1. Starting from the Cα gyration tensor of region 150-254, take the square roots of the eigenvalues, sort them a ≥ b ≥ c, and report rounded, prolate or oblate (rounded when a/c is under 1.5, otherwise prolate if a/b is larger than b/c, else oblate).
2. Kindly rank 274-284, 62-72, 222-232, 94-104 from highest to lowest mean number of other beta carbons found within 10 Å of each residue.
3. Determine how many Å³ per residue the convex hull of the Cα atoms of region 45-112 encloses.
4. Which values of log₁₀ I(q)/I(0), to two decimal places, follow from the Debye formula for region 157-203 at q = 0.16, 0.18 Å⁻¹ with a uniform point scatterer at every Cα?
5. Within 10 Å of each residue's Cβ, count the other Cβ atoms and sort R83, R238, R213 from fewest upward.
6. With runs of 4+ DSSP H residues as the only contributors, calculate the mean residue ellipticity of the chain at 222 nm using -39,500 (n - 2.57) per run, divided by the residue total and rounded to the nearest 500.
7. Taking N as the number of residues in region 36-161, what is its alpha-carbon radius of gyration divided by 2.2 N^0.38 Å?
8. Suppose every K and R has +1 on its Cβ and every D and E has -1 on its Cβ; what is the size of the dipole of the chain about the Cα centre, in Debye to the nearest 20?
Amino acid sequence: MQKKIGCKGYPTVHEALADTSNPFDAVLVCTPTPTHYEVVKSSLLGGKHVFCEKPISLNLDESDECYNLAKTRKQHLLCAFQRRYDPSFSRLKDIVSKGGVGVLQKVQTVSRDNPVPSLDYLKTSGGIYHDCLSHDIDLIRWVSEKEPVEVFSYATNFIEGIKGIDDFDNVDCILKFDNGILATIDVSRKAVYGYDQRITCLGDKGMVTAENRQPTTVVHATEHGISKDPNCYSFPTRYPEAYTAEIEHFIDLISGITSTPVIQHKDVHNNAIIAHALEESARKGHPIKLTGLM
């Protein structure tokens, strides 16, 4: 007979933390966005390492508080920006870092969602700048190894439900860096042809691009034309390796196999500031100079 292995459940994280008969080392926070801060802080105070889906909090002070608490208590707090763990994006980053395109001059990202998220989710997501664009911001900062100094954004609405909650469904952004690099972000909530995630880096010696993924590599060519599979349907099918890799990285951190997190306090702090500035730019209609970066 196979031995049954059960997992004890609790209605709240507080009850789990209080049960000394069931010791555990870490908490993975996958609850709705508005609950992250409370669960993260409670788990850290309960002596646990924490892995949290981004964001830690939509309030920058609360996010900083959690990281400072983790540092004081010598516990790991890892925020999930999964694109850094994607094999294609990691390879692109490696090429750029090793001078494969020469002096980096431009970075372009595209992030077009599929399917359109539900309004119930969007109402608590923090808005498109923090829910979607924060990933592009993190990717650009990671690949360029620089911080922008000024940003500008336009945003529009085509989906009535999203307009009704004072959010946007189509956004374009420009990020300016003090060394001359220009970065652009193209985001949409609706891409009927499948989940669209791309990045291109241009330098004085070449270009490198990470393209979309399809379920198979089959290309069908006939007298009527050439066809292939549509893009992966959505983020779970686009990033299976990345989600696995970030959890493995968290386990390595709490096991002592590695000591440096891929995503650090500085990254989460600066991503949030840049996202806030881009949204402010879109709502006020002018460029925003960045302050408060770490």
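No lab work stands behind these numbers, since they all come straight from the coordinates. Please read these numbers as outputs of a predicted model, since none were measured by experiment. Note that we place each Cβ from the backbone using ideal geometry, even for glycine, and neighbour counts take in every protein chain shown.
1. Since a/c stays below 1.5, the shape of region 150-254 is classed as rounded.
2. Top to bottom by mean Cβ count within 10 Å: 274-284, 62-72, 94-104, 222-232.
3. Per residue, the Cα convex hull of region 45-112 comes to 154 Å³.
4. Values, matching the q order: -0.62, -0.72.
5. R213, R238, R83
6. -10000 deg cm²/dmol
7. Expressed relative to 2.2 N^0.38 Å, the Cα Rg reads 1.25.
8. My answer is approximately 520 debye.
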